[in-house]
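Laboratory data are not the source of any read-out in this text; all were calculated from the coordinates shown. Everything numeric in this text was worked out from a predicted model, so none of it was measured. All Cβ positions, glycine included, derive from the backbone under ideal geometry; neighbour counts span all protein chains shown.
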């Protein structure tokens, strides 16, 4: 009988987070923990659960979570029991491993966690570098692989955590490899140029396995073409197969749902008119990539398309309403912030509103604050929790300095309010008629304010 190490779900992440966690520590300190030897040993110990269902592997700098969720939604609509493994979570750790967006029952999650710990307890193994303790991400990945097996999943969509080459997920042999846009990110570990980062991501390409790639910078595209050629893998680029015509976003008003409208035309004659709940050009591209993948695998139907249209994801222009529309978006790079701001402006046709913002340490905060200042006159700097280091005071001072230098003749109302409940209350109070609140800067910032909203309304966070 399996020993009962866990009796409550919250005990599971507490246990796993006690190991080396690359999500909230220095990359230089964590560098030596990125290995695949150990992950293969863990999977062997568990009976290689990752081989018990078909998989699609998704890597990239931006959009990989959304693309993964679109693919999973399409597979689920076909009647397949579909696991979805993603990171990070916005509010609840359960967001990381779902049945195409729906939480598993706590019972099977507890059983799986107890099984995992029982099999690994006392198990000693040494990888090539002499490390015999798994990392947090390796444990989460092992848990997801085992959970999907225990649940009887037929498909699983697996998002990489960081990079690709040495990512813990890179032990699967998928039905397809998917690569989303490459940006400069995590340069401490992945390299300081687009080609270096693209090279790391390209290593999810497996011999002979089809590869599907989103719009890319030329230098990233070249890397992917070369890797696919080396692996003898057929590669398809989104822009070579589909023409995308984005038409409009409906203007927001209470009781009317915004939709991202686009038309897709494939060179093989397939055509789709798509109306997405998830707003923005970025999401239009992510959905188009997901449609390309499923269409190419012979898994695209009207039901799949409908499921993709209605797909939503926490922290991706996620919408709530309390006196005013409130949008939660985890954008945290200059390009993603630009996209989020463009979508926000399109939805509200220049009416503006209030922005609650903070990014975690290590981000390009000077560029990010400059972009926010261009779009908002009222900005509230809050604190994105304590999972990762942040410095709200530095962000606040940067806003003040930039505002005085760049907008000396414009009134900019910049407020420091680290308490998320008070930050949300202030934003709603300062928001004028026909305006909205945008919460952005990190998934953790979105999560903090989302929880504050739930405390205010009494609703569940998910």
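Give the peptides 89-99, 152-162, 5-15 in descending order of average Cβ contacts within 10 Å, highest first. Don't jump to the answer; show the numbers that get you there.
Working: 89-99: 19.6, 152-162: 23.0, 5-15: 15.0.
Peptide ranking by packing, descending: 152-162, 89-99, 5-15.
Obtain the nm distance between the two label points defined at residue 102 and residue 219 by a simple spin-label model: each point lies 7 Å from its Cα along the Cα-to-C-beta direction.
Label at residue 102, label at residue 219, 4.5 nm between them.
Measure out, as a whole number of angstrom, how far apart the alpha-carbon centroids of the stretch 353-397 and the stretch 131-181 sit.
Comparing the Cα centres of the stretch 353-397 and the stretch 131-181, I get a distance of 32 Å.
When only alpha-carbon atoms count, how far does the stretch 318-456 stretch along each of its three principal axes, as whole angstroms with the largest first?
35, 35, 25
If the stretch 280-345 were replaced by its equivalent ellipsoid, with semi-axes equal to the square roots of 5 times the Cα gyration tensor eigenvalues, what would those be, largest first, whole Å? Each step should come with its number before you reach the end.
Working: eigenvalues 140, 48, 13 Å².
So the equivalent ellipsoid measures 27, 15, 8 Å along its semi-axes.
Report the far tail of the P(r) of the stretch 379-462, meaning the percent of Cα-Cα pairs longer than 15 Å. Kindly include the intermediate steps, with their values, before the conclusion.
Values: 2142 of 3486 pairs.
Beyond 15 Å sits 61 percent of the P(r) for the stretch 379-462.
What are the radius of gyration and Dmax of the chain, computed over its Cα atoms and given in Å?
21.9, 72
Fewest Cβ neighbours within 10 Å first, please rank 282, 411 accordingly. Walk me through the numbers before you get to the answer.
On the way: 282 26, 411 8.
Sorted ascending by nearby Cβ count, the order is 411, 282.
Note down the nm distance, to one decimal, between modelled labels 7 Å out along Cα→Cβ at residue 345 and at residue 271.
3.3
Using only alpha carbon pairs under 8 Å that are at least six residues apart, calculate the relative contact order of the chain and give it in whole percent. Mind showing how you got there, number by number?
Values: 897 pairs, mean separation 70.9, N = 462.
The value is 15 percent.
For the stretch 56-157, what is the largest minus smallest coordinate of the Cα atoms on each principal axis, given in angstrom and ordered from greatest to least?
42, 33, 26
Given a Förster distance of 30 Å, report the FRET efficiency between residue 303 and residue 281 from their Cβ-Cβ distance, rounded to the nearest 0.05.
Details: r = 26 Å, r/R0 = 0.85.
Plugging the Cβ-Cβ distance into 1/(1 + (r/R0)^6) gives 0.70.
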